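The values are calculated or read from the model by the stated rules, or taken from the named source; none is laboratory data. From a predicted model like this one, the values you see are computed outputs, not experimental measurements. In this analysis, Cβ positions are derived from the backbone assuming ideal geometry, glycine residues included, and neighbour counts consider all displayed protein chains. Accessible surface is based on the protein model in full, side chains and every heavy atom, while ligands, DNA and RNA are left aside. Shrake-Rupley method; radii C 1.70, N 1.55, O 1.52, S 1.80 Å.
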2 protein chains.
Amino acid sequence: MSIMLLAPRPESPRSDPTPAAHDRVYRGLRTRIMHGAIAPGQALTLRGIGAEFGVSMTPAREAVRRLVAEGALQLSSSGRVSTPELTNERIEELAALRALLEVELASRALPRAHMALIDRLQTINASIGEVIEAHDAVGYIRTNLEFHRTLYLRAQAPAMLAMAETVWLQLGPTMRKLYGRLQRRETPHFHKLIIAALKAGDEPGLRLAVRSDVTQGLRMLTT
Amino acid sequence: MSIMLLAPRPESPRSDPTPAAHDRVYRGLRTRIMHGAIAPGQALTLRGIGAEFGVSMTPAREAVRRLVAEGALQLSSSGRVSTPELTNERIEELAALRALLEVELASRALPRAHMALIDRLQTINASIGEVIEAHDAVGYIRTNLEFHRTLYLRAQAPAMLAMAETVWLQLGPTMRKLYGRLQRRETPHFHKLIIAALKAGDEPGLRLAVRSDVTQGLRMLTT
DNA sequence: GCCGAGGGTTTGTGATCACATGTCGATCAT
DNA sequence: ATGATCGACATGTGATCACAAACCCTCGGC
């Protein structure tokens, strides 16, 4: 085990008066998994999770159950918890789902896209270059997802966005393997195409660019 | 061979002698919600659920957490559990998701559809007539979903099917209101179109029929 | 040397409990 | 009669415990 960060404070002086324990654990784990901070097949224990977040097993179990329901974690037949190791078929299916959902989200966001949104996307895209420079795989995934989420938020389709995020969650640990393997040296080409299509109001171009961006990386994962 | 070290299968896939308590509760509630056996806005209590299934609060809580994660249940700010009352925007979004996912599933199932599948679909479709005759709203929803699931199972896309079922789950309580309101007297027209398109191997026709079938009913729910 | 059996340890499960908070109803003052 | 206030009850939360099963490491036999 590596560093152990403790949060033994039952009451936090934060703005939120009641940060439920199980929710803190859930969010903490979810972020780590989605950003690829945990390798595929990594085993977790309820007591370990509880200790790390300074809570007992009960909230840890609830957080794990929730993540299992979203496909972010796997339960062995005996109840052991681990991040899933995806088969090639599963990866291709999830990539197809990303394409299906995100093309639709982008298409719905297009008519609502102002200049301010495009500026934000360009800012995020620029910072992707920085994390690439730093060889920061987790940072790359996080910033890349932030780019997509920023665009899709404009679609005003929360259920659809939630489903897309669920797919990201399932792909998180596997994506780490991809971006840890290939050494990128430039910001994603398709992000520029997405921004260009947004500026031009070109819907077919946008759909193609999003589909390409989503499919491109995942295809390299299937060995 | 030393393969036996790898997979010491303790449980047969047929019948599990000891289904975990939380899983029994989860499946029981899930089925009821998906089939529209619980009205929208209905409040539930952990102790009540536990008493009903003969377990303590702990498994009940885990089952509820899982269903909340799937959007089948709602948590009030104070943690009270209830089935959600969907807004019109939400219903339309979920209908769009159904269309998106199920058209793709049907399309993938088409090249794998044998005559045996079509026969099964026709049998299910016939039994829809019976439940309509009996004015059985829950039975109608269940049989209708069975029709769709039977078709989509052929797509060999478990993640996509799981997402579609999650959408059904979210729409469950609301669907009850629809099918309880309108008095159907004949089996769904679009199911016949789906079967016809399957027989003809007509992919565009199949996509249109599925989209129509999915959209038709839900449109009446708004307002 | 390798395989299998044994036992100590780890791990998940479910019940129970103490506690805080929310909810609902009754009572009382106006 | 109506509205607010207070209190009893209901409800979710998280910790702890006992228990069974699984896992892993070691040891002994072939």
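Annotations
- Any pair with Cβ under 6 angstrom, 6 or more apart, that starts in the stretch B:45-68 at a residue that is without any contact (Cβ under 8 Å) to a residue 60 or more places away in the chain and ends at one that is outside any helix (DSSP H, G or I) and within 10 Å of DNA strand D (Cβ to nearest atom): B:50/B:56; B:64/B:81; B:68/B:75
- Qualifying residue in the stretch A:81-88 (condition: assigned to a helix (DSSP H, G or I) and on the phi < 0 side of the Ramachandran plot): yes
- Considering residues of the stretch B:64-94 that are within 11 Å of chain A (Cβ to nearest Cβ) and open to solvent by 50 Å² or more (accessible area, probe 1.4 Å) only, the residue nearest to residue A:69 (Cα to Cα): B:66
- Of the residues making up the stretch A:111-151, those that are farther than 19 Å from residue A:196 by Cβ, surrounded by 14 or more Cβ atoms within 10 Å (Cβ to Cβ) and of a type outside the set (S, T, N, Q) are A:131, A:132, A:136, A:137, A:138, A:139, A:140, A:141, A:142, A:145, A:146, A:149.
- Yes/no for residue A:187 being modelled with pLDDT of 90 or more and among the polar types (S, T, N, Q): no
- Residue B:5 vs. criteria modelled with pLDDT of 90 or more and away from every other protein chain (no Cβ under 14 Å): no
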